[in-house]
Amino acid sequence: MTALDENQFLTFGIDGDVYAIPVSKVQEVLEYIKPVRLPKTAPYLKGLINIRGTGIPVVDLRMRFDMPELGVTSDTAIVVVEIYQGSSDMLIIGALTDEVHEVIQIDPDQQEPAPRFGSRIDANFIKSIGKKDGTFIIILDVDKIFSQAETAAIAEVPAMAESH
């Protein structure tokens, strides 16, 4: 990965705000696919989708960020993302977003540390705040959006589906 790659971010919208995650974490962007709901899972875990024979758990970022749930629109998308927790264990999840914008470059000098107040989401989820064309962009630390226990529970979802 080059230094340029580290400054490339996929931007998307949730509840009117612009968020970004490093392109290096994104596997693909999908049009909305209705997940198969599984019993006894966290409310933000919407279910499972089948991508080329692989079960991918789908999480609703709005609900994870304690925002009201929104119905599916023509702009709703699923961003397939790699998450690492602790060791080198990788988990692939689908992150439900209100809309996907574009890939942009945000250089380090256009980023500031995340504020510890004033954000609608947990500051631990935020890596930094980027600024591009006068717009603030919340750069997420996708590896910290879920605790290790939550990640372990999400990782069990494909196995749960196979046993039903």
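FYI, it's all coordinate maths here, none of it is from the lab. Please read all numbers here as calculations on a predicted model, not as lab measurements. Methodologically, a virtual Cβ is constructed for each residue, glycine included, from the backbone with ideal geometry; neighbour enumeration extends over all protein chains shown.
Below are the figures for this structure:
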| item | result |
| --- | --- |
| Isotropically averaged projected area of the chain, using the convex hull of Cα atoms (one quarter of hull area), nm² | 10.2 nm² |
| Between 0 and 90°, nearest 10: helix 148-163 axis offset from the chain longest Cα axis | 40 degrees |
| Order by protection proxy (mean Cβ within 10 Å, highest first), peptides 95-102, 31-38 | 95-102, 31-38 |
| Relative contact order, percent, segment 3-163 [alpha-carbon distance under 8 Å, six or more residues apart] | 25 percent |
| Cut-off under 5 Å, modelled amide H: who pairs with residue 137 long-range | 130, 131, 132 |
| In Hz, Karplus ³J(HN,Hα) per residue of segment 122-130 (6.51, -1.76, 1.60; θ = phi - 60°; x = Gly, Pro) | 3, 4, 5, 7, 9, 7, 6, 10, x |
| Integer Hz, Karplus 6.51/-1.76/1.60 couplings in order for segment 70-82, x for Gly and Pro | 10, x, 6, 10, 5, 8, 4, 9, 10, 9, 7, 10, 8 |
| For segment 33-96, projected area of the alpha-carbon convex hull averaged over all directions, nm² | 5.2 nm² |
| Electrostatic dipole magnitude of the chain [Cβ: Lys, Arg +1; Asp, Glu -1; Cα centre; debye, to 20] | 440 debye |
| Note, ³J(HN,Hα) from phi for segment 89-97, Karplus 6.51, -1.76, 1.60, rounded to Hz, x at Gly and Pro | 5, 9, 10, 9, 10, x, 9, 6, 10 |
